[in-house]
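Data block below; observations after.
The values are calculated or read from the model by the stated rules, or taken from the named source; none is laboratory data. A quick note: this is a predicted structure, and the numbers were derived from the prediction, not measured. When we count neighbours, we look across all protein chains shown, and the Cβ atoms used for this are built from the backbone with ideal geometry, even at glycine. We work out accessible area using only protein heavy atoms, side chains counted, and drop any ligands, DNA or RNA first. Shrake-Rupley method; radii C 1.70, N 1.55, O 1.52, S 1.80 Å.
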Amino acid sequence: MTTITETKTKTYLNYINGEWVASETGKTDVSKNPARKDEVVGGYQLSSTKDFDKAATAARKAQKAWQKLSGNVRGDYLLKAASIMEERADDIGAAMTLEMGKTFPEAKGETLRGVAILRYFAGEGMRSVGDVIPSTDSEALMFTTRVPLGVVGVITPWNFPAAIPMWKMAPALIYGNAVVFKPASETAVTSAKIVECLHDAGIPAGVVNMVTGSGSLIGPEMANHKEIDGITFTGSNTVGKQLAKIAVDRGIKYQLEMGGKNPVIVANDADLDLAVEATISGGLKSSGQKCTATSRVIVQKDIYEKFKEKLLAEVAKITVGDGMDAGTWMGPSVTEGQLNTVLSYIEKGKKEGATLLYGGNELDGKDGGLNGYYVEPAVFEGVTPDMVLAREEIFGPVLALMKVDTIEEALDMANDSEYGLSASIFTTKIAHMLSFINEMDAGLVRINAESAGVELQAPFGGMKQSSSHSREQGQAAKEFYTSIKTVFIK
Ligand code: NAP
């Protein structure tokens, strides 16, 4: 078991204009460990709109000088921050596990993903940003270049508290924007530790700012603030749409990455072992708290019984516990509220007539000495497309098995959702792969791989209600964090 004692007891400050400062409210809150109820991980500032205003004003002041630096100089800051973050990967990973519950290997892996994202975008500072376009005037030169938006507001969820802030802040910074970051309250400590890496890399004062506190107070203030030129948000659909409305009214750019209800299709000809392993990993790692987590498992009838039997045998081996313990495969839900949401979906599933084949019980102090927000992984069968289990994002370790006759039926069922983030198929037939690639309405379509895999150098984002139809990461990030200027020189 890894123990990081330094994290606990410390109250973290806001980061404004290059300095760590307390909120003008004088109020703080604490983030708690979902694996051990009431264990405090650290404190954070309950900021006011005045604190936000200071941060946005500092960002505006710093942005022009930051934009004037060459891309490689900006990249050097990101490279330095990457090295610092790499050195601190154990500490940041442990803070993440303590705050939101995913296992320490996953948390450390995510931290190292943040490092790789910083390095990738550091390199972007040296890559081309425009095209030369032939003019109809033979005496003119015409080309495109890109300019930063200015000051970008960043709002992130608790489920990937290192990777998501980095895949938003690193591209924002490399293209010359300044940033005001409002992290999820549940993971305010991890967020402060990430911002410390940028601070310790010597990033100029005001270029990066962090203000913690209530999202429902700071979020609308961010979207409405005159110094904010663009807003990038990952989180729930309800909040995303509220922010988008403000952004449209103000005429600023916005980007939303939101929920999912991700299907996997298991064809009759699938590699059974692979399909089972990937369904479990994609659906239940991080206790199902990934936007790309597998939720609907659509299985063709000839392989259904074998798949079910193997899946249940493997799910039964899952060890649920404290993410800091080496033997744990799956940690707790992030909060009591999230645990109750998961439990209520399990009850709704039973009431609607789906059959609970495995798990779904709360695990508390009475069973095995656990004292956190734990639930057993749950596997349902007999789930039909109209049931809540097939329609709503649960954000918990719940798999819904759905049986179909044909691949066409499977695709129709997979597409029967308001969401379209990620989807997988397990098949060895090229014809099935091609139908899936062409017909599946999802931003990420994955073949013989779990639904929850994301690579930082490739575009990431959803269709339908899962996103604002924009893409993050890789080269696609440029589209949000810059505006194109067409230049004509005669
Ligand atoms: P959430 O409640 O929407 O919170 C996300 C962020 O928004 C937090 O920083 C939160 O701050 C802030 N916030 C809360 N109310 C706000 C408001 N009125 N205005 C502006 N900001 C506000 O979402 P969550 O429950 O943390 O995250 C889970 C959701 O995120 C799921 O739906 C999941 O699918 C989605 N997600 C999507 C992706 C993707 O890339 N598509 C990735 C990860 C997660 P506080 O913490 O202070 O409330």
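In the set (1) out of contact with any Phe, Trp or Tyr (no Cβ under 8 Å at 6 or more places or on another chain); (2) within 15 Å of the ligand (Cβ to nearest atom), the condition left unmet by residue 466 is number (1). Restricting the search to segment 205-232, which residues are in contact with a helix residue (DSSP H, G or I) (Cβ under 7 Å, 6 or more places away or on another chain), open to solvent by 10 Å² or more (accessible area, probe 1.4 Å) and closer than 19 Å to residue 482 by Cα? Listed by number, the list holds a single entry, 227. Of all the listed residues (446, 471), the sole one being in the same structural domain as residue 239 (by TED's automatic domain parsing), modelled with pLDDT of 95 or more and within 16 Å of the ligand (Cβ to nearest atom) is 471. Within segment 248-290, the set of residues being among the hydrophobic types (A, V, I, L, M, F, W, C), out of contact with any helix residue (DSSP H, G or I) (no Cβ under 6 Å at 6 or more places or on another chain) and within 16 Å of the ligand (Cβ to nearest atom) comprises 248, 252, 284.
Exactly one residue among 145, 136, 103 is of a type outside the set (Gly, Ala, Ser) and closer than 30 Å to residue 42 by Cβ, and that residue is 103.
The condition of being closer than 19 Å to residue 163 by Cα and either more than 16 Å from the ligand (Cβ to nearest atom) or of a type in the set (Asp, Glu) (or both) holds for residue 478. I need every pair where a residue in segment 254-275 that is in a loop (DSSP other than H, G, I, E, B) has its Cβ under 7 Å from the Cβ of a residue that is open to solvent by 10 Å² or more (accessible area, probe 1.4 Å) and acidic (Asp, Glu), sequence separation at least 6 or different chains. Taking only residues 6 or more apart or on different chains, the pairs are 259/393; 260/393; 261/393; 268/302.
Quick grid of which residues meet (1) in a strand (DSSP E or B); (2) open to solvent by 10 Å² or more (accessible area, probe 1.4 Å):
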site: 80; (1), (2): no, yes
site: 99; (1), (2): no, no
site: 117; (1), (2): no, no
site: 128; (1), (2): no, yes
site: 143; (1), (2): yes, yes
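Taking the criterion of being over 17 Å from residue 150 (Cβ atoms) and either more than 9 Å from the ligand (Cβ to nearest atom) or of a type in the set (Asp, Glu) (or both), the residues of segment 230-245 that qualify are 241, 244, 245.
Summed over segment 259-277, the residues that are within 25 Å of residue 385 (Cβ to Cβ) and open to solvent by 10 Å² or more (accessible area, probe 1.4 Å) give a count of 4. Criterion applied to 253, 245, 241, 301 was being at pLDDT 95 or above, open to solvent by 10 Å² or more (accessible area, probe 1.4 Å) and assigned by TED's automatic domain parsing to the domain that holds residue 404, and the one residue passing it is 301. Candidates are the residues of segment 160-178 that are within 12 Å of the ligand (Cβ to nearest atom) and open to solvent by 10 Å² or more (accessible area, probe 1.4 Å); the one that is farthest from residue 72 (Cα to Cα) is 160.
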